[in-house]
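**Q** Take a look at the following structure, please.
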Amino acid sequence: MTVSFFRKIIVPLRRYINDQMKKVRPKKNLGQHFLTDLGIARRIADTVDACPDIPVLEIGPGMGVMTQYLYPKDREFKCVEIDTESVAYLQEAFPKLRGGIIGDDFLRMDLNEVFGGRQFVLTGNYPYDISSQIFFKMLDNKDLIPCCTGMIQREVALRIASCPGNKAYGILSVLIQAWYDTEYLFTVDENVFNPPPKVKSAVIRMTRNGRTDLGCDWQLFRRLVKTVFNQRRKMLRVSLRQMFTENSRVTPEFFRQEFLTKRPEQLTHEEFVTLTNMVAEVL
């Protein structure tokens, strides 16, 4: 790297980022960690290109470090931000986007109203403390969201992309992979954020698979998966008992089945479907 390049490019870029960071204060209660690396911001923004021709909704744009690369794409774009200070900044920094800057809580929004019932890509630098809730809402609106990309805590990304038999395999793995193909794209270090988080981050992409019918009751599937993984070290014959009531038709023979000697992290998606149907017959 030459001295000239450093003075002309690197120093002004650092000054620009530092000036921008002074305009909006990261808020701990909102889990805000503002990305400061423009190269990574562009890479994350470009992950939406895998699902072209439909609108994009960005969650938590903050001061628009990703927004600046998302909104020029040739597609409809909106962003939702709960922080009023960030909303005010975005409206000033991106005047062309004022009609597309939504000051609201994503978790409380009716997603059918965002783009008039049309499908869209979901993306963002997601707050760590609500990323799982965001993905559960994605699942509730899976027919609206054929693709979801973005940056989350690395540990959560590993869970989402994990396979059976892995310690990271859990509730998010099974529920998301039932409807989405998952890709762990790349890891992001702590030093590209203000303030730096205490853990590494990762960028993921989830794209709807071809499945239109799960082969079992989806709500019971969700309940069962959450139930058994809440006692992941126990065999299924033990953790499943809490799903039944006095009025259930379950018999002692049900719990003696060899299949129920497994633990939840050993089951594939197809086996969870089988187990859900087994439970449905005796509830």
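The values are calculated or read from the model by the stated rules, or taken from the named source; none is laboratory data. Because the structure is predicted, anything quoted here is derived from the model rather than measured. Counting neighbours? That spans all protein chains shown, and the Cβs are built from the backbone with ideal geometry, glycine included. The protein model used for the area step is the full one, side chains on, heavy atoms only, and it has no ligands, DNA or RNA in it. Shrake-Rupley method; radii C 1.70, N 1.55, O 1.52, S 1.80 Å.
**Q** Ignoring ligands, DNA and RNA, what percent of the 1.4 Å accessible area of the chain is carbon and sulfur?
**A** About 48 percent, which is the carbon plus sulfur part of the accessible surface.
**Q** Here is a follow-up. In the neighborhood of Leu97, defined by Cβ-to-Cβ distances under 13 Å, what is the net charge if each Lys or Arg adds +1 and each Asp or Glu adds -1?
**A** Here the count lands on 0.
**Q** Using a cut-off of 15 Å between beta-carbons, work out the net charge of the residues near Lys73 (Lys and Arg +1, Asp and Glu -1, Lys73 not included).
**A** On the way: positive: Arg42, Arg43, Arg75, Lys78, Lys96; negative: Asp46, Asp49, Asp53, Glu58, Asp74, Glu76.
Summing Lys/Arg as +1 and Asp/Glu as -1 gives -1.
**Q** Rounded to the nearest 10 Å², what accessible area does Lys226 have for a 1.4 Å probe in the complete protein model?
**A** Counting only protein heavy atoms, Lys226 exposes about 70 Å² to solvent.
**Q** So what is the relative contact order of the stretch 126-194, in percent, for Cα pairs below 8 Å that sit 6 or more residues apart?
**A** On the way: 37 pairs, mean separation 19.1, N = 69.
Normalised by residue count, the contact order of the stretch 126-194 is 28 percent.
**Q** If you don't mind, another one. How large is the direction-averaged shadow of the alpha-carbon convex hull of the stretch 31-83, in nm²?
**A** 3.7
**Q** How much accessible surface does Thr227 have with a 1.4 Å probe, in Å² rounded to 10?
**A** Answer for Thr227: close to 20 Å² accessible.
**Q** What number comes out for accessible area per residue over the stretch 63-134 if the probe is 1.4 Å? Units Å², please.
**A** Accessible area per residue, the stretch 63-134: 47 Å².
**Q** Enter the mean projected area of the convex hull around the alpha-carbon atoms of the chain, in nm², rounded to one decimal. Don't skip to the answer; put the middle values down first.
**A** On the way: hull surface 69.6 nm².
Taking a quarter of the hull surface, the average projection is 17.4 nm².
**Q** What angle do you read, to the nearest 10 degrees and between 0 and 90, between the alpha-carbon axis of helix 84-93 and the longest principal axis of the chain?
**A** Relative to the chain, helix 84-93 is tipped by roughly 50 degrees.
**Q** Still on this model: For the chain, what does the helix formula give at 222 nm: sum of -39500 (n - 2.57) over DSSP H segments with n ≥ 4, over the residue count, nearest 500 deg cm²/dmol? List each step's numbers first, then the result.
**A** Details: 11 runs with 93 residues, N = 283.
The helix-only estimate for the chain comes to -9000 deg cm²/dmol at 222 nm.
**Q** Quick test of your reading: applying the under-4.7 Å Cβ rule, which cysteines of the chain are isolated?
**A** When partners are defined as cysteine Cβ atoms under 4.7 Å apart, the chain leaves Cys79, Cys148, Cys163, Cys216 without one.
**Q** With a 1.4 Å probe and all protein chains left in place, how much accessible area per residue does the stretch 157-227 have, in Å²? Let's see the in-between values first.
**A** Numbers: 3210 Å² over 71 residues.
Ligands and nucleic acids excluded, the figure is 45 Å² per residue.
**Q** Give the dimensionless ratio obtained when the Cα radius of gyration of the stretch 86-228 is divided by 2.2 N^0.38 Å. Walk me through the numbers on the way to the answer.
**A** Values: Rg = 16.5 Å, N = 143, 2.2 N^0.38 = 14.5 Å.
Compared with the compact-globule rule of thumb, the stretch 86-228 sits at 1.14.
**Q** What relative contact order, as a whole-number percentage, does the chain give when Cα pairs under 8 Å and 6 or more residues apart are counted?
**A** On the way: 421 pairs, mean separation 43.3, N = 283.
Dividing the mean separation by the residue count of the chain yields 15 percent.
**Q** Need one number: % antiparallel among DSSP beta bridges in the chain, to the nearest 5. Mind showing how you got there, number by number?
**A** On the way: 17 of 30 bridges.
Just about 55 percent of them are antiparallel.
**Q** Looking at the stretch 104-182, which trypsin sites (Lys or Arg not before Pro) are in a loop (DSSP not H, G, I, E or B) and have at most 13 other Cβ atoms within 10 Å? Write down the numbers at each step before the final one.
**A** Values: sites: Arg108, Arg118, Lys137, Lys142, Arg154, Arg159, Lys167; in loops: Arg118, Lys142, Lys167.
Of the trypsin sites (Lys or Arg not before Pro), the ones in loops of the stretch 104-182 whose Cβ has at most 13 other Cβ atoms within 10 Å are Arg118, Lys167.
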